[in-house]
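What follows is a set of notes on a single structure, which appears directly below.
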Amino acid sequence: MIGARTLEGLARTAHDSDSDEALVLRARDGEYSAFETLFHRHRALVYRFAYQMVQRRDDAEDITQEAFVRAYQNLGRYRDEAKFTTWLLRIVTNLCTDRTRMHQRRTGLETREAAGGLTWMTVGDTDDPVQNLEQDQRRAALKAALNALPAHHRTAVVLRDIEEREYDEIAAIFGCSIGGAKLRVLRGRRALRDRIAPLLGEVQP
Amino acid sequence: MKRRDENHLIKLAFGEAELSPADEPLDRESALKLDLYRQMRQDLLDARDAVPPDQLSPERLRESILRSGLKKERRTLWTWALAPSLALLVALIALNREHPEANVVASSFEAADEAFQAVAPPVVETAPAPKESNVAAPVAPKVAPKPTPNRSKRVRPSPKALLASRADQPLAPAAAMADIMETSRSGMDSTALDSPETASPPTVVLIESTADQATGMNIATEVRPAANVVIGS
């Protein structure tokens, strides 16, 4: 009985020592290898999210690296109320928003490019372009339409429908209520549909 | 289609609501939109995997952290205190401009100072004779600059203008001038008034050899200096 209890405690201790929060504590105490473990664990998530936001590999890599640098510099400000990934994604969201603001002109060009792409796909020779679209073309169209969305709509859609985050986590990332997060996701989906509907043959009112 | 119905369709397509018996059967437009949203959801899920591999490395991150260094201490306290301080300063300046009568007390001293300077004759200073020469050479008298009291930069009427404005009034008697000097002396810089040209002559205390009946101490008398009095034996 005592042995089983001890084993359970050891397992819990091992699990706790491996958790994000424990690694953050160790990194805060100066153990850099703990922070590297966090990097290895979450870099794919951060990079994928950043890529979905900016749609460029080099930009996504820069944002990912900058996010981890900022996380390391601000480890002392991390509180255990939120999950580490939530905190990290909040940093990435801010960085992506900043990047979007910095590249307003480029975004405008891409928006026009996306609009042109949609026209090309809807004004074709075939009667029903949806049937003729290949899967990769549809993905490219979705990518362009997603890139044409405003940053706040894009963030909401990516977090919920691509990264499949829960609403409470999205609310923590946005710093709003859960109802507010649901509303943002809903508006983002509707805005995405407005841009992608011509691709799929729906007649706009 | 109403916006509320469309929102319901979105929730149905993204699996956040169940299709209730009241919803069925969907009309053609609603069914098309539902299909559209379902397709969009699937495309979004597929986009999750369509991410090119990254070239991140722990070494690159470590270099970046070392390059950027640790975050500096946030100076929020004084930064936040700076804005209210500046606002207070601006408000004080604006208030001072709107209510110049706040300087009435200071102005009375300045008026006395102006009157004194207007009435006082210019001081003539004679240069000392050269030591080697036995013959006293005639030296042109030099007008020494007037002592400038420590004053603010505000625009005040010039002494000439003050005299012109008081041309029809008789000049103040000596006693009144002495009072004005005493009053202005307290509000002005002591270094400017203690100069030999402008300082009032000190009073002389004469200590007599006879003792006072009440206190037993020597009697002392304070007198003003005069030219026709000899002090000492």
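Where a number appears in this text, it was derived from the coordinates with a stated rule and is not lab data. This structure is a prediction, so every number in the text was calculated from the model and none was measured. Using ideal geometry, Cβ is built from the backbone for each residue, glycine included, and neighbour counts are taken over all protein chains shown.
For the reader, a short list of remarks on this structure follows.
- Relative exposure of A:25, B:66, judged by other C-beta atoms within 10 Å (fewest first): B:66, A:25
- Spin-label model, residue A:18 to residue B:46: label points 7 Å out along the Cα-to-beta-carbon direction sit 3.6 nm apart.
- Put in line by how crowded their Cβ is, counting other Cβ atoms within 10 Å and starting with the fewest, B:34, B:88 read B:88, B:34.
- For segment B:3-49, averaging the sequence separation of C-alpha pairs within contact (under 8 Å, six or more residues apart) and dividing by the residue count gives a relative contact order of 44 percent.
- Of the GluC sites (Glu not before Pro) found in segment A:18-59, those that fall in a DSSP loop while having at most 14 other beta-carbon atoms within 10 Å are A:31.
- Neighbour counting of Cβ atoms within 10 Å sorts the residues B:26, A:38, B:89, A:146, fewest neighbours leading, into B:89, B:26, A:38, A:146.
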